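Trainee: Mind looking over this structure? Questions follow.
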Amino acid sequence: MRNLFLTALVFCAFSANAADIRKLDVWKEDGVFYVDLVGYIDAPINQVYDVLVDYEHLDRLSSSIVESRILEPAEDGTPLVYTLTRKCVFLFCGKIEKVERLELEPLHHITAIAIPERSNVVHGLSEWHLSEQDSGTLIAFRQELDPAFWVPPVFGPMMIKKVMRQGGRRAILRVEYYARIAAGLSAEEPPPLKRRRKRRQADEQ
């Protein structure tokens with residue numbers, strides 16, 4: 001009976017925090033960085049989708065996201081969003097500012113396409129494909145990024161993969177937390193985000 005009780009505790013602890021990265025590939029070709037990520041989130045697809053398109057609160061998902069907000073739609077009615085992300089490796093900190101057009105297929109597909117003249121990237125594309133798996137959600141994420149600024153060699157594919165694995169794991173844990181809370185399910189609160197406030201304030205000045 002005691003062993004059965006301990007097994008049940010271990011199972012519950014695992015089930016309450018099952019978000020994981022199942023695949024991560026990063027490469028660079030002709031100056032463009034590519035990221036392919038597949039992750040699993042133990043939360044219903046409806047709530048996962050809602051968390052991912054909540055652009056007024058994306059900063060709660062990652063310390064790299066400094067600011068995000070919804071803008072006035074384009075003339076053709078296409079939704080526009082603004083994001084400012086910042087990541088530091090050693091002494092170099094890179095900031096990516098984007099205004100993106102959103103193409104949405106509710107619950108299943110999110111595409112964000114950067115507008116170069118309103119961003120500091122030559123090309124930017126982010127795609128999320130969501131599908132139901134068991135009682136949770138499978139996310140296939142793809143990103144293409146061609147920065148309009150110099151990127152030091154330290155930001156090669158291997159370094160970006162390491163940063164993405166660490167940051168991506170933390171991000172999907174937080175997506176899972178907020179999605180499970182929205183669905184009325186039990187959830188273990190993830191560790192608080194660590195932000196570089198002093199450096200951020202210095203950048204703004």
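The values are calculated or read from the model by the stated rules, or taken from the named source; none is laboratory data. Computed from a prediction, not measured in an experiment: that's the story for all the values here. Here the Cβ is made from the backbone with ideal geometry for all residues, glycine too, and neighbour counts use every protein chain on show.
Trainee: Do you know which of the residues in segment 107-127 that are surrounded by fewer than 19 Cβ atoms within 10 Å (Cβ to Cβ) and of a type in the set (A, V, I, L, M) is nearest to Ala74 (Cα to Cα)?
Mentor: Residue satisfying both the conditions and the ranking: Ile115.
Trainee: Still on this structure, please answer the following. For segment 76-95, what are the residues that are modelled with pLDDT of 95 or more and in contact with a helix residue (DSSP H, G or I) (Cβ under 8 Å, 6 or more places away or on another chain)?
Mentor: Thr83
Trainee: Could you look through segment 138-172, keep only residues that are touching a residue at least 60 places away in the same chain (Cβ under 8 Å) and of a type in the set (Phe, Trp, Tyr), and pick out the one that is surrounded by the most Cβ atoms within 10 Å (Cβ to Cβ)?
Mentor: Phe141
Trainee: Could I ask something else about it? Could you check, for segment 96-104, whether at least one of its residues is of a type outside the set (Phe, Trp, Tyr), in contact with a strand residue (DSSP E or B) (Cβ under 8 Å, 6 or more places away or on another chain) and at pLDDT below 95?
Mentor: Yes; the residues of segment 96-104 include at least one that is of a type outside the set (Phe, Trp, Tyr), in contact with a strand residue (DSSP E or B) (Cβ under 8 Å, 6 or more places away or on another chain) and at pLDDT below 95.
Trainee: Within segment 52-71, is even one residue over 22 Å from Leu193 (Cα atoms) and touching a strand residue (DSSP E or B) at 6+ places or on another chain (Cβ under 7 Å)?
Mentor: There is at least one residue in segment 52-71 that is over 22 Å from Leu193 (Cα atoms) and touching a strand residue (DSSP E or B) at 6+ places or on another chain (Cβ under 7 Å).
Trainee: Answer with yes or no whether Glu100 is without any contact (Cβ under 8 Å) to a residue 12 or more places away in the chain and over 18 Å from Met164 (Cβ atoms).
Mentor: Considered against the rule, which asks whether it is without any contact (Cβ under 8 Å) to a residue 12 or more places away in the chain and over 18 Å from Met164 (Cβ atoms), Glu100 comes out as no.
Trainee: Being of a type outside the set (Phe, Trp, Tyr), free of Cβ contacts under 8 Å to residues at least 40 places away in the same chain and in a loop (DSSP other than H, G, I, E, B) is the filter; apply it to segment 22-65 and report the residue that is nearest to Ser131 (Cα to Cα).
Mentor: Asp54
Trainee: Continuing with the same structure: Considering only segment 31-64, how many residues are over 12 Å from the mean Cα position of the chain (by Cα) and polar (S, T, N, Q)?
Mentor: 2
Trainee: Counting only residues that are over 16 Å from the mean Cα position of the chain (by Cα) and part of a strand (DSSP E or B), which one in segment 115-132 is farthest from Asp50 (Cα to Cα)?
Mentor: Across segment 115-132, the extreme among qualifying residues is Val122.
Trainee: Kindly list the number of the only condition in (1) part of a strand (DSSP E or B); (2) within 18 Å of the chain's Cα centre (by Cα) that fails for Cys93.
Mentor: Every listed condition holds for Cys93 apart from (2).
Trainee: I would also like to ask the following. Hey, does segment 173-186 have a residue that's surrounded by 15 or more Cβ atoms within 10 Å (Cβ to Cβ) and without any contact (Cβ under 8 Å) to a residue 60 or more places away in the chain?
Mentor: Among the residues of segment 173-186, at least one is surrounded by 15 or more Cβ atoms within 10 Å (Cβ to Cβ) and without any contact (Cβ under 8 Å) to a residue 60 or more places away in the chain, which makes the answer yes.
Trainee: Take Asp25 and decide whether it is surrounded by fewer than 16 Cβ atoms within 10 Å (Cβ to Cβ) and under 18 Å from Gly168 (Cα atoms).
Mentor: yes
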